[in-house]
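Okay, structure first, notes after.
Any read-out appearing in this document is the output of simple, stated calculations on the displayed coordinates, not a laboratory observation. What you see is a predicted model; the values in this text were computed from it and never measured. Using ideal geometry, Cβ is built from the backbone for each residue, glycine included, and neighbour counts are taken over all protein chains shown.
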């Protein structure tokens, strides 16, 4: 079976990833894309692209009919689903096959058998794989039945969407009082993300690790595993750090897991790439593992296995889809060294991982490591899709070196325009518990300090001073020259989240500049510009000497943002306007407003309602996450300004509240 | 490429180190005076100054140099002019007004800012002179003028000294406008009585809301004159002028907003650089500029080599000498400063007939080439004595003064040492309208050296008594002579000169190149156009 032209029914980095292998194998590429993605790099890199009208996932990347039609019109002969979207949708796989295209994925029946987690668990039990204690939850269950079932499972527990994946439709519950709301929220999210509100319960195994086994099967009955990946460090039930080999996994546990994974895979006549996920616990008696679920697709974190084994998993998928046998026998598959991957997101870990949308002005990841990314400098990050910017992968001879190299690469990367989790990732990779391999799934709950930037005061000052200097053009006479010593020139910068503001005062003199940050002590710096004039080039190098120590900085100045990288730290700054712009803006918004752009999914109040402080007014969905807009104080709803289904910008006032009239109900 | 000057300076030499130490001491004194000016307040009482600055800031207002920073481009240079105007007079040091050249949207502009912490911005004679000088510079170099106004008007106790000459301020404003040189006034506070004509005569007027007050007569005067009870806002508030009288073209929300508007106005002027003689690529001198501190003689009676100075001012220390073997006490030739080609006349001693001939010829050549001229003065005068009088030194000196007077290319004058006698004139002293005059702290200026002047006085006195048949009492005359010499000395210092605006400011020798570059940039806002029309050269 020949494959000449692959359509990737996906977007962003995974589409680029599939294209890369396709091109290497001499296969042409087709992208489908939504309207907002028209300028995205994966579209430009495709040989052929087809626009799917609209922007929501349902209109575009989840639209089976349009995608099949696009494949037909573009002359594709095979479809790769990527991950997420339709990748685990058996109906899509069936439609692809029915339309006569080669489906680069497992057989629809295999997908279906694992699609619903409740059913997958039954299959695992039949294969005699231990399961995490839990319970099913009927859609008709009453509140008291829900609470009773939860009590049986025991706390803490997780509410999970049966059709779920990627942490969507998942809620953790610490006590009975949270149960009802968590279940209804998980159901809503599950319905919205997967079209199926079924949820089930699972005991939360404290201190456990998330370890998964990569498997492959071919149409000739061969099944192999490609070792494990540990993905314990998660936020909001989504993996952000993945590595292999799993640092604390005993060899015998690992072997048992490989064997469990391959036998489960064999039991469903699996063909293609798959991942069997386990939780691993350890106590004095040793390690135990429990089946979680099986993902019938290529995982986001597949590069970890690729780096570790030196294999191209997308190539394997394509070969298997062509009907070939697995390229290697189990005994010929080896692993080398240690690999760590981190997921770089446009989100603010310090503010509940609030996603950030807008223009990514500067994005250059250090070329020393592998980067799988769907974005580049100038990319727009929209509210419609996942805010992942890139996967950054280090492969070294040992774990400690891999962690150091990866942290260093992140530190040497230039990023500006959006808040990212970069600093948090660096903090994780360099913290003692991580280095020691002590990484349970609740790692970030145990280390809240890793959510914020660990930048020291001296580096902060140096970067701010460099940012101010980089904003200063170079002319025919020494910059900022004064024959009469003058008061400092003021530059104001804000952190990307606009939460902190710094004022840098520069006083230029004959042999340098005296700089003061906020009310700190002034320090004298001398400046050497290494390359093109700061005023004419957006990218420049600067050597800054203070007290005899010189730092060499790389600076990008684009679109009102400054990115600074000097090998010891990386920062980005929003350049605040020199003069107040009185044209208005967000500052004029008063009242409860949306934290992010998104779509209103629930309006929980009506005009005339009395609300109390903290009460939810409106729920919106953005990037498949629910965000609640709550009342700040007790108030009366005067007017509701949004409706369900409405797409709203960030900082949109949703409800007009007025002060309650006292004693209205007093008798 | 012109030849590179060779320096023979030994920085370890005793004379060099002594000069440098004295120069640094003089600069320290100037820095101290300048710091007082920058600090604001204007009095000799630091506590009182601090109070007036605090009161000003308490109203949410900026100091004049902060306003200037806010107006100029980020990283713009600012050449402040006559910062120590008023020194040695009973006007406040600095005259309560800041003037200088900076860049707004890349254009050279003249900025004049009142310092309201100094007598409420009231103008004494030095302030009037400084303001008029700024307008002269704006006119000669076609620089847009931006006034940052907040002034109580005339310093009333000195009204007699300023009323008549001060009137020219308003005439000059409208004449600048007539000449097509834009005038912009941002009013931050009071601008009343005569001061109301500053915005009144300007092309563009910006008033700061709730702060600017512009009226001919304030409430007390109105009460006295026509018995009307008027409040400040209806008489001269910013909102009133923006909505009712139409005096304000723009209403600013606050000071920063006014500066933003001021920048926008300059941006839309499209007031272009004539684009001729844009600077060429330039490189710094190959010798350390710091060495200028030790090169210039602290005592102007000791000569120093002018080429050592040029080697630290000219681009790449390159200098093409003209007639090096003829009239060698006047160094002439061509070089560049900051990429601008210039002709240079620099004194290396007394002016003789040859030097006068050479200088006059060189000035004519610069006029043919349309090149500005730098006069580097260290001159004790034209040579005297029978031989030289008979040789026609008057006729020859007249040729030089004729050439200087009628030359139409821009002149820049650097006072790097002595400036005595007619040498001051022949080398384009203040009265010969150079575009800019900058002074080093070691500079001395007088009709002749104090000692010589005292000696001349003694001789004249002796001759007078001898003519009367009286024996001249040398001992009795000595204190008189010494007192006279001391007076001349005190009136010939750089500070005395700068206090009276005989120059455009004392500069640190290390800033010379930058100040000259700024001046040349300003000069080139108008075409450098020489002449072939001179007075009759007496042959």
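Laid out as a table, the results:
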| read-out | value |
| --- | --- |
| Semi-axes of the equivalent ellipsoid for the range A:598-658, Cα gyration tensor, largest first, Å | 19, 11, 9 |
| Diffusion constant of the range B:333-441 at 4 °C, which comes from Stokes-Einstein with the Kirkwood Cα-pair radius and 1.567 mPa s, µm²/s | 94 µm²/s |
| Stokes-Einstein D (µm²/s) once Rh is taken as the Kirkwood radius of the range A:17-57 over alpha-carbon pairs, at 25 °C in 0.890 mPa s | 231 µm²/s |
| Cα pair distances in the range A:214-451, grouped into 10 Å bins until the bin that holds the longest one, percent each | 7, 31, 34, 21, 6, 0 |
| Prolate/oblate/rounded label for the range A:133-203 (Cα gyration tensor, a/c 1.5) | prolate |
| Burial ordering of B:323, B:451, fewest other beta-carbon atoms within 10 Å first | B:451, B:323 |
| Rounded D (µm²/s) - the range A:1-118, Kirkwood Rh over Cα pairs, Stokes-Einstein at 10 °C, 1.306 mPa s | 113 µm²/s |
| Relative contact order, percent, chain A [alpha-carbon distance under 8 Å, six or more residues apart] | 9 percent |
| Per residue, the convex hull volume that the Cα atoms of chain A enclose (Å³) | 192 Å³ |
| P(r), alpha carbons of the range A:457-575 - 5 Å bins starting at zero, rounded % | 2, 12, 24, 26, 23, 10, 3, 0 |
| Rounded Å value of the spacing that divides the Cα centres of the range A:13-82 and the range A:387-416 | 29 Å |
| Among beta bridges that DSSP assigns inside the protein assembly as shown, antiparallel share in %, nearest 5 | 75 percent |
| The protein assembly as shown, Cα convex hull volume normalised per residue, Å³ | 255 Å³ |
| Cα pair distances in chain B, grouped into 10 Å bins until the bin that holds the longest one, percent each | 4, 17, 26, 24, 17, 9, 4, 1, 0 |
| Cα-based helix-to-principal-axis angle, A:179-194 vs chain A, degrees rounded to 10 | 80 degrees |
| The range B:246-341: Rg to Rh, with Rh as the Kirkwood radius over Cα pairs | 1.26 |
| Taking the convex hull of Cα positions in the range B:113-219, its mean projected area over all directions (nm²) | 6.3 nm² |
| Residue exposure sequence - B:8, A:364 - by fewest surrounding Cβ within 10 Å | B:8, A:364 |
| Spin-label zone in the range A:216-259 - amide nitrogen under 20 Å from a point set 7 Å from the Cα of residue A:432 along the C-beta vector | A:248 |
| MRE, 222 nm, helices only [DSSP H, n ≥ 4, -39500 (n - 2.57), over chain B, to nearest 500] | -12000 deg cm²/dmol |
| For the range A:377-430, projected area of the alpha-carbon convex hull averaged over all directions, nm² | 4.3 nm² |
| Ranked list, fewest to most other Cβ atoms within 10 Å of each Cβ, for A:455, A:292 | A:455, A:292 |
| Cα-based convex hull, the range B:441-539, per residue volume (Å³, whole number) | 184 Å³ |
| Anisotropy class of the range B:382-437 from Cα gyration tensor, a/c 1.5 cut | oblate |
| Relative contact order (percent, whole number), the range A:133-203, Cα cutoff 8 Å, 6+ residue spacing | 42 percent |
| Label point distance in nm, residue A:452-residue A:545, each placed 7 Å from Cα along Cα→Cβ | 3.6 nm |
| For the range B:95-169: rounded, prolate or oblate by the Cα gyration tensor [a/c cutoff 1.5] | oblate |
| Span from the the range B:334-348 Cα centroid across to the the range A:446-500 one, whole angstrom | 39 Å |
| Value of Rg/Rh across the range A:210-340 [Cα atoms, Kirkwood radius] | 0.95 |
| Equivalent ellipsoid dimensions for the range B:476-525 as semi-axes, Å, which come from the Cα gyration tensor, largest first | 37, 10, 7 |
| Cα centroid separation, the range A:590-641 to the range B:94-133 (Å) | 56 Å |
| Backbone N under 14 Å from the residue A:494 label point (7 Å along Cα→Cβ), restricted to the range A:619-651 | A:651 |
| Relative contact order computed over chain B (Cα-Cα under 8 Å; 6+ residues apart), in percent | 14 percent |
| The range B:211-261: mean projected area of Cα convex hull, nm² | 3.6 nm² |
